[in-house]
Amino acid sequence: MKSLIKELYKFRIFFILINKIYNFTLTSKLINPYIRGHKLKRLDKEIDFFIDKIKKGENFAFARNADGERAIMLGISVESQEKKWTSPNFVSKLGIDLLNSLNIKDKRFYYAISCPCCDREAYYWYSSRIENKNKTFANLWINANFRHFRTKFESIKKDAILIANYRAKGAKIGSLNILKHYEIDDDCISFWEKHAPNMIDSIKKDFGKINNLLYVVSAGPMSCVIIERLFLHNPNNIYVDFGSSIDSYYLDTKTRPYQDKYSLFGDRNCYMYEDFECDVSVVLTLYKRKEHLSAQIQSILNQSLKPKELILFIDSSVKKEVVDGQNDFVNNIDSTNFIDSKNVESSNLQSSIINVESAALLDSQNTTPYIINLTDFQKESQNINLKQNDDKQEGEKQGLYQILDRELQQYFDNIIQVKFNVGVWGRFAGGLLAKSKYICFFDDDTLPSHRWLENCHNESLKKDGLYGGIGILSNNLAKYPFDFAHRTIGWNDNPPFALRNAKTLRVDFVGHSWFLKKDYLGAMWINSSKFYALGNVAEDAYLSFALKKYLNINTFVPPQDKDEFLSSTKGLEYGKEEEAISKQDSNLIKMNNALKAMKKDGMKEVSFSLKWWVLVLGRNIAKKIFSESKLDKLKARFGAKK
């Protein structure tokens, strides 16, 4: 089908038709589920707002940042469309200055950024890094607006300062009275370092004290920084980056695809979300695997959707004694259903079960949480004194690392340390202290790709829910994780038992990473005491169960068919380490009993498709073919994957 479209695209009539159909499906609320139900800004409406401001003489700044500027800020080599310059593959001086120019909060300053329909990754990148609420389209003057641009632009009759390519010398630019033209070279990267400082000083000297002028800027990726410097020097003027939209006044050739009104971009009426909220708090955990923390921090800071807040939850190795009568649920585990008693020594199994953590965090009978040392390192620069394990034998056995390097402390907005071990549940209680609308938790062995947070948030625009890194689909939750037919959906690609998904799929529950609205976390602490007593299992399943039961919120796995969207890039490597919870048989048994209890309380499996039922049938056939010992080996092999 794609080949056919490519062939048809060569013919002008199909070129026009295909572009119109594609743009309609992309920008129409009738077709696009990601914008349905959201208030939007449209490209064709925004242009009139800014043209009117210019004509009325309302002083403001309009600075454009798109794909090229972002690449320069990130140190990614990029070539201009005219092939006049190429940025280096490191962060240059222009890249640093561009990044610093994103910090103006003045209400008269407008940041024009990439829109989600043309460059979703860049849209999230800018939206989560620019605090100024004044955001509009970087392509305001072009795309579907370009066919009307000259008419609107030529209605502006003002004295103006032109900052543009040397080829514009002496050219008539619309109806403007050009007082002076400051010329720039083709190679803007080199120009910025060698000549731009002197040029900006000259502009300040010549016109810095004069108000109510229009500055027409078309200086490639230098434009934003030029406008920032001039605005800070004198905000009582109009500074506008018109970019390539004014090329046609002094160049005879077409320089951009949008100049053909029937092209893909020339026909696109772009959109943006109004009141776009993508603030995310990220919660990391420090327990045994300190060696992964630095890399995990780096993977979070590199996200296209930059977290507003980074929280570290430090669990303790010290276990509080079990309160009498509180652990009946754990002691009543039936271990005979799915594990052969011959393969597990009874005394060791019982010991593993009796010694589970049960420090009832936020329990209804003990409402005092074991959370201490809440410290804001960025603001107060205090050094947290992390407690060593008082029990030397326990410390040696578990190989705990509880000293946080000073260089890592600076990355966290808050650090939460608990006095007693609270298992895998504690971090979700710590998340209640987060300040953002959204929150995302990560296991200590999970390093996401750079678009994971963006991936989750974007899918939540289509369907509100809990989004996770790896999802479980089981034909019978009461048999998980020992049922041969359950499947994992997400980053792990090992068909048919583990599949990467190309579209969002609803699942029974998720693990490794959890993305949701922070206000939903409260559901996790309703009637959860008996499950919390298990300590190091079942938090993932109970979160999905509680959200569905009390808030009617479903659980999903977002698309992970592309490497840049993966929730975990080291899962296969780190998941094999001895510290992994799924490596211990006793934890698998506890998980099974928890799910049996949840199912009894009303948890239901997500409906299977036909292909899943075929796989279930395959399992039943395997029972008839293989011996019990062979099946046990298969269960052990596939049941441990989560």
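The values are calculated or read from the model by the stated rules, or taken from the named source; none is laboratory data. Computed from a predicted structure; not experimentally measured. Cβ sites come from the backbone with ideal geometry, for glycine too, and all protein chains shown count toward neighbours. Surface areas here come from the heavy atoms of the whole protein model, side chains and all, with no ligands, DNA or RNA. Shrake-Rupley method; radii C 1.70, N 1.55, O 1.52, S 1.80 Å.
Check Ala498 against each of (1) more than 19 Å from the chain's Cα centre (by Cα); (2) closer than 20 Å to Lys599 by Cβ; (3) among the aliphatic types (A, V, I, L, M) and name the one condition it does not meet.
Result: Ala498 passes all but (2).
Mind checking which residues of the stretch 239-273 are in contact with a helix residue (DSSP H, G or I) (Cβ under 6 Å, 6 or more places away or on another chain) and small (Gly, Ala, Ser)?
Scanning the stretch 239-273 gives Ser245, Ser263, Gly266.
Does at least one position in the stretch 131-151 carry a residue that is in contact with a strand residue (DSSP E or B) (Cβ under 7 Å, 6 or more places away or on another chain), open to solvent by less than 20 Å² (accessible area, probe 1.4 Å) and in a helix (DSSP H, G or I)?
Among the residues of the stretch 131-151, not one is in contact with a strand residue (DSSP E or B) (Cβ under 7 Å, 6 or more places away or on another chain), open to solvent by less than 20 Å² (accessible area, probe 1.4 Å) and in a helix (DSSP H, G or I), which makes the answer no.
Report yes if some residue within the stretch 480-495 is of a type in the set (S, T, N, Q), modelled with pLDDT of 95 or more, open to solvent by less than 10 Å² (accessible area, probe 1.4 Å) and within 21 Å of Val424 (Cα to Cα); otherwise report no.
Among the residues of the stretch 480-495, not one is of a type in the set (S, T, N, Q), modelled with pLDDT of 95 or more, open to solvent by less than 10 Å² (accessible area, probe 1.4 Å) and within 21 Å of Val424 (Cα to Cα), which makes the answer no.
Residues checked against (1) in contact with an Asp or Glu (Cβ under 6 Å, 6 or more places away or on another chain); (2) at pLDDT below 95; (3) surrounded by fewer than 14 Cβ atoms within 10 Å (Cβ to Cβ); (4) among the hydroxyl-bearing types (Ser, Thr, Tyr):
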position	(1), (2), (3), (4)
Ile161	no, no, no, no
Ala164	no, no, no, no
Ser175	yes, no, yes, yes
Ile178	no, no, no, no
Asp187	no, yes, no, no
Ser190	no, yes, no, yes
Asn198	no, no, yes, no
Ser202	no, no, yes, yes
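Taking the criterion of being of a type in the set (D, E, K, R), assigned to a strand (DSSP E or B) and surrounded by fewer than 20 Cβ atoms within 10 Å (Cβ to Cβ), would at least one residue in the stretch 522-536 satisfy it?
no
Restricting to helices (runs of 4 or more DSSP H) lying wholly in the stretch 1-96: which have 1 or more residues that are among the hydroxyl-bearing types (Ser, Thr, Tyr)?
Helices (runs of 4 or more DSSP H) meeting the threshold: 2-8, 12-27.
How many of the residues in the stretch 541-574 are among the hydroxyl-bearing types (Ser, Thr, Tyr) and open to solvent by less than 10 Å² (accessible area, probe 1.4 Å)?
Qualifying residue count, the stretch 541-574: 5.
Looking only at the stretch 108-130, which residues are more than 30 Å from Phe565 (Cβ to Cβ) and either of a type in the set (A, V, I, L, M) or open to solvent by less than 10 Å² (accessible area, probe 1.4 Å) (or both)?
Residue satisfying the conditions is Phe109 alone.
Any residue that is of a type in the set (Asp, Glu) and outside any loop (DSSP other than H, G, I, E, B) - is there at least one of those in the stretch 577-584?
No, the stretch 577-584 contains no residue that is of a type in the set (Asp, Glu) and outside any loop (DSSP other than H, G, I, E, B).
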